[in-house]
């Protein structure tokens, strides 16, 4: 049975979502009456030659407003405002409760080829993020952020840094999140684009961080409806009967070990011409992964509530595409279920038939992701006839061992598409690293005497074997596979200061959004990289 959910509900709210709060160019108040709210201000300072601090344009204007007092203060504690550090000043101006001076490092930082990152953009994210966190600790309720030369990245860093997961605390114990506004910068479009990207990643963080008993397949489907339908995006929620009718046996094999019924989401965003071929997204939606009969170790198993981080990133990316009004068509197929041990669970040695007619030997029940992804990929290609397929999945712990939290592992059958993905990672600071998609690995997962493909394969290189497995279900079309096990789950350290340690990251949502932005607006995407 298929539930076609309404797309006309709250259409007006889509426009409201696009009207994020920003503050136009400010003039400093001469009124001596104290401001009733606690306002904070983030200003930037560069490391100049001969240890002389160099203010950004907005900071210089504020310094002039104070008669040079700010420069004298910064000069006296310059070592405390180096790159990645922040100094808080209070009682400087009657309009602001606190002023945060953030260190941006050297001026004119740019693309670093060996690091595969734009260091200037990342410095702004780090600075605005740390500044926002410091002001929040000061009790500030309204934060004004100057553009720091890159308003989009300033918005991303601040909005990501302020996010907290506190849905399961008593409401009266929730910590208030300060509002964010742009200060003394005319580039409101870039600022709002940054807020859209950060808001989308924060949505993915919330979905991924929610406990598995509260984020079952049905609950995830409801959250998807709540987030996408008000934006005018069509969402179809398919139940187990529909999945059986479509003969998605690999998907059903994973789902039958749990009492929670499986769900398949089909999403359509129409931003381009009707005859334009769409981009197809497929996101892994295992709302809890115990490993099945090949049970994971108990220690650390709770983090696998985020084994649906791929699905969360896809949902968030499509919402951002709508908010940015990207002129393209996007479809998504998201299979949702749990992987649990029970008397009904799939067993090692079982053989199921994939939707494309290939038989699959289930050698390892903990490699469940590639099973349901295979059926979703085939179904999406049969129905939507895409020009590009992008799948996102926390598929293998091997990619985490190889890359840690530094980058998503990316497998791609198109050099052109890989160039676009790499560019997106450079711009967002959420990097990607290309992994091999060689026939060497195909021979280790396919062409067995008794079956067509094996869900584990032979030998080492599990991320590459998983990608080779999925490649058996891809037709002749451009394909990008993101393995996000290392980046999409819990933030283990403080490498990204604007992400909360110990919570889910929501990565690589911003990279996916940037990729779509480049594909839909190629001239603007190229201009941003310079």
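The values are calculated or read from the model by the stated rules, or taken from the named source; none is laboratory data. All values reported here derive from a predicted model rather than from experimental measurement. Backbone-built Cβ (ideal geometry, glycine too); neighbour counts: all protein chains shown.
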Whichever residue in segment 165-181 is loosely packed, with under 15 Cβ neighbours inside 10 Å and closer than 15 Å to residue 211 by Cα and, among such residues, is farthest from the chain's Cα centre (by Cα): 169
Meets criteria (out of contact with any helix residue (DSSP H, G or I) (no Cβ under 8 Å at 6 or more places or on another chain) and on the phi < 0 side of the Ramachandran plot) for residue 438: no
Residues (touching a strand residue (DSSP E or B) at 6+ places or on another chain (Cβ under 7 Å) and closer than 17 Å to residue 433 by Cα) located in segment 475-506: 479, 480, 481, 482, 483, 484, 487
Boolean, residue 201 is in contact with a helix residue (DSSP H, G or I) (Cβ under 7 Å, 6 or more places away or on another chain), in a helix (DSSP H, G or I), within 26 Å of residue 514 (Cβ to Cβ) and at pLDDT 95 or above: yes
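Criterion first (under 28 Å from the mean Cα position of the chain (by Cα) and at positive phi) does residue 116 satisfy it?
So residue 116 passes the test.
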Only listed residue being touching a residue at least 60 places away in the same chain (Cβ under 8 Å) and in a loop (DSSP other than H, G, I, E, B), chosen from 230, 176, 186: 186
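Results for (1) under 21 Å from residue 307 (Cβ atoms); (2) surrounded by 23 or more Cβ atoms within 10 Å (Cβ to Cβ), shown as yes or no for each residue.
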site: 434; (1), (2): no, no
site: 437; (1), (2): no, no
site: 440; (1), (2): no, no
site: 448; (1), (2): no, no
site: 466; (1), (2): yes, yes
site: 481; (1), (2): yes, yes
site: 484; (1), (2): yes, yes
site: 497; (1), (2): no, no
site: 503; (1), (2): yes, no
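Residues that are in contact with a helix residue (DSSP H, G or I) (Cβ under 6 Å, 6 or more places away or on another chain) and crowded, with 24+ Cβ neighbours inside 10 Å: does segment 377-387 have at least one?
No, the conditions are met nowhere in segment 377-387.
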Test: residue 511 is surrounded by 19 or more Cβ atoms within 10 Å (Cβ to Cβ), in contact with a helix residue (DSSP H, G or I) (Cβ under 9 Å, 6 or more places away or on another chain) and not in a helix (DSSP H, G or I): no
Residue 272 being on the phi > 0 side of the Ramachandran plot and assigned to a loop (DSSP other than H, G, I, E, B): no
Pair list, Cβ < 8 Å and 6+ apart or interchain, from segment 369-380 residues that are farther than 15 Å from residue 359 by Cα to residues that are in a helix (DSSP H, G or I): 369/466; 376/251; 377/470
Candidates 260, 266, 236 - the one that is assigned to a loop (DSSP other than H, G, I, E, B) and either at pLDDT 95 or above or in contact with a strand residue (DSSP E or B) (Cβ under 6 Å, 6 or more places away or on another chain) (or both): 260
One residue from 209, 241 being in the same structural domain as residue 353 (by TED's automatic domain parsing) and over 23 Å from residue 269 (Cα atoms): 241
Some residue of segment 284-307 being closer than 22 Å to residue 245 by Cβ, crowded, with 24+ Cβ neighbours inside 10 Å and either touching a helix residue (DSSP H, G or I) at 6+ places or on another chain (Cβ under 9 Å) or outside the structural domain of residue 465 (by TED's automatic domain parsing) (or both): yes
Complete set of residues in segment 107-140 that are in a loop (DSSP other than H, G, I, E, B), touching a strand residue (DSSP E or B) at 6+ places or on another chain (Cβ under 7 Å) and either surrounded by 24 or more Cβ atoms within 10 Å (Cβ to Cβ) or touching a residue at least 60 places away in the same chain (Cβ under 8 Å) (or both): 107, 116, 138, 140
Failed item in (1) buried (at least 19 other Cβ atoms within 10 Å of the Cβ); (2) touching a helix residue (DSSP H, G or I) at 6+ places or on another chain (Cβ under 7 Å); (3) closer than 20 Å to residue 416 by Cα, with residue 453 passing the rest: (3)
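Does residue 245 count as over 30 Å from residue 182 (Cα atoms) and either touching a helix residue (DSSP H, G or I) at 6+ places or on another chain (Cβ under 7 Å) or in contact (Cβ under 8 Å) with a residue 24 or more places away in the chain (or both)?
Answer is no for this residue.
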Candidate set: segment 58-72, residues that are surrounded by fewer than 19 Cβ atoms within 10 Å (Cβ to Cβ) and in contact (Cβ under 8 Å) with a residue 24 or more places away in the chain; chosen: the one farthest from residue 95 (Cα to Cα): 61
Verdict on residue 311 being within 28 Å of residue 268 (Cα to Cα) and not in a strand (DSSP E or B): yes
Positions within segment 49-100 being part of a strand (DSSP E or B) and farther than 23 Å from residue 147 by Cβ, in sequence order: 90, 91
Residue within segment 357-366 that is more than 18 Å from residue 467 (Cβ to Cβ), under 19 Å from the mean Cα position of the chain (by Cα) and crowded, with 23+ Cβ neighbours inside 10 Å present: no
